[in-house]
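K.L.:
Handing you a structure now.
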Amino acid sequence: LLLDWFAASRRELPWRRDYDPYAVWVSEIMAQQTQMDRVVSYFTRFMARFPTLAALAAADEDAVNKAWEGLGYYSRARNLLAAARKIATEHNGSLPADYDAIRALPGIGDYTAGAVASIAFCQDTVAVDANVMRVLARVCDIDAPVKEPAGKARVLELARSLLPPGRARDYNQALMELGGLVCRPKNPD
């Protein structure tokens, strides 16, 4: 039912057009600590300025910060640039598909590594952000606070157990979309 809902209700986002790994990665970094409706316009401008990973890796830090202006949390932009340079030198200019290799890049945590691996590369791994934690905690009636280790561990366990093999791209996006559009923090629909 969740996957059917997502197929019918998902937002049209520029990085979902062809799931280019570079575009997915940039969108995930931008979406950290930022509302999705704000991300789209910044993403479009950023990608026009740095259309490829090679263009970003070759960029000057001031140019990257200028393109990032208004999104805040400039450490994300610095880490994005550092990761692009690392990819250029250590991964032959291609974003790695492996979760652990993605996780080893500057500025990448568990969530982002899972999101990029599943959305860009269709790897069967979970991407558990605040939206997913909220959805699963509510639907599965998790009593433990999800920001504490026991609650977070329970949500991760549930997310993994519910992941339909071969459908991680849609599953992870569907959970995030449900949390962003319906099962919101306050006044859920």
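K.L.:
Would you mind telling me which numbered condition in (1) farther than 15 Å from Ser27 by Cα; (2) free of Cβ contacts under 8 Å to residues at least 24 places away in the same chain; (3) assigned to a helix (DSSP H, G or I) Val64 fails?
P.N.:
(1)
K.L.:
Considering only the stretch 144-161, I want to know if a residue exists there that is over 16 Å from the mean Cα position of the chain (by Cα) and polar (S, T, N, Q).
P.N.:
Yes; the residues of the stretch 144-161 include at least one that is over 16 Å from the mean Cα position of the chain (by Cα) and polar (S, T, N, Q).
K.L.:
On the given criteria, is Arg154 surrounded by fewer than 20 Cβ atoms within 10 Å (Cβ to Cβ), at negative phi, of a type in the set (D, E, K, R) and in contact (Cβ under 8 Å) with a residue 60 or more places away in the chain? Working first, answer last.
P.N.:
Values: surrounded by fewer than 20 Cβ atoms within 10 Å (Cβ to Cβ): yes; at negative phi: yes; of a type in the set (D, E, K, R): yes; in contact (Cβ under 8 Å) with a residue 60 or more places away in the chain: no.
So Arg154 does not fit the description; no.
K.L.:
Now for a separate question. Only residues that are part of a helix (DSSP H, G or I), over 11 Å from the mean Cα position of the chain (by Cα) and closer than 18 Å to Ala97 by Cβ: list them for the stretch 23-53, please.
P.N.:
Result: Leu53, single match.
K.L.:
Looking for something open to solvent by less than 30 Å² (accessible area, probe 1.4 Å), touching a Lys or Arg at 6+ places or on another chain (Cβ under 7 Å), at pLDDT 95 or above and among the aliphatic types (A, V, I, L, M) - is there at least one such residue anywhere in the stretch 97-111?
P.N.:
yes
K.L.:
If the requirement is being in a loop (DSSP other than H, G, I, E, B) and in contact with a Gly (Cβ under 6 Å, 6 or more places away or on another chain), which of these qualifies: Val135, Val126?
P.N.:
Just a single option satisfies the conditions, and that option is Val126.
The values are calculated or read from the model by the stated rules, or taken from the named source; none is laboratory data. Values in this document were obtained by computation on a predicted structure and should not be read as measured data. Positions of Cβ are generated from backbone atoms using ideal geometry, with glycine treated the same way; all protein chains shown enter the neighbour counts. The area values use the complete protein model at the heavy-atom level, side chains included, leaving out ligands, DNA and RNA. Shrake-Rupley method; radii C 1.70, N 1.55, O 1.52, S 1.80 Å.
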